[in-house]
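J.: Just dropping this structure here.
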Amino acid sequence: MARLVWKFSVLYAALLVPFVIADDLPPYNCDAVFKFEGQFEKIVALIPYHVYPIYTLCTNVQFAKEYRAAMELYEQAASDPVCARMNFKRSRVNLIDMMHDQLVSLWSTANCQDCLDRANETREFLANFDQLDKCLTKHLLSPCDPCAESYGSIQGQYEGLVRGHKETICVDVEDRMNQTRHRWSAEFNCCRNRQHSTTTFVVIASVFCSLPVVFYVVMYVVTRAKEARERSREPLLDDSSRDVPAGSGSGSGAELVAGS
């Protein structure tokens, strides 16, 4: 964009050099060319006031009006055979065409047409941006919580504008969003809340993911303990079952001997 401004300055300086009309050309007053030069001058004068601190070029009514007027005057001059011969086909260096191309390049590079084609959405986005800016100014020391809703609103609206128009988003909208994101994260450090939320989510997700493992480990330990208890009881039952009949038989035999 700075390069375009420099080119505009060079072309504007060239306007101070009067056009030398060859003697073989008929006397003719091409008003459209001179008016186009005037429109170019007005546009160049507007640029420095609408690129800092934020871009307001495409959404500036006067800029759009002057640009459309310049394009109409250029078409009038180019469609006039005599005017075209006097100003467009005289030499290899065609200042009028260069001026026209620079204006078109500025308009297309800034994607100004997007702001006009989606005027309602752009107007709503700018209104939400102003609301967020007022909130940030009001809560300058700690804007994260009171301005979170406004920031989320403008963030969602911007994503909607970019969807399907990533390469053609108007520079006025794009510049506002870039500066807002920078202020929100770098200047106010409000993204820390999002980091904490992410950390909490990861911790909770890890706990839930580990529950099946813990369940199987517990079940394994319980099962092994149960099997160990059962094995420890089996020998006692076998010994008692063997001792009781033997004891009973010996006692009966002793009683019989004593009786005899």
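The values are calculated or read from the model by the stated rules, or taken from the named source; none is laboratory data. Source: prediction; values computed, not measured. Heads up, the Cβs are rebuilt from the backbone with ideal geometry, glycines too, and the neighbour counts pull from every protein chain shown. Accessible surface is based on the protein model in full, side chains and every heavy atom, while ligands, DNA and RNA are left aside. Shrake-Rupley method; radii C 1.70, N 1.55, O 1.52, S 1.80 Å.
J.: What accessible area per residue, rounded to a whole number of Å², is obtained for the range 49-121 using a probe radius of 1.4 Å?
T.: 56 Å²
J.: Between Ser142 and Tyr52, how high is the FRET efficiency from 1/(1 + (r/R0)^6) when r is the Cβ-Cβ distance and R₀ = 22 Å? Nearest 0.05.
T.: For Ser142 and Tyr52, the calculated efficiency is 0.20.
J.: Okay, moving on. Could you work out what % of the accessible surface of the range 147-187 is carbon and sulfur, using a 1.4 angstrom probe and leaving DNA, RNA and ligands out of the count?
T.: Roughly 46 percent of what the probe reaches on the range 147-187 is carbon or sulfur.
J.: Using R₀ = 41 Å, calculate the FRET efficiency as 1/(1 + (r/R₀)^6) where r is the Cβ-Cβ separation of Ala45 and Ser185; round to 0.05.
T.: According to the calculation, E is roughly 0.70.
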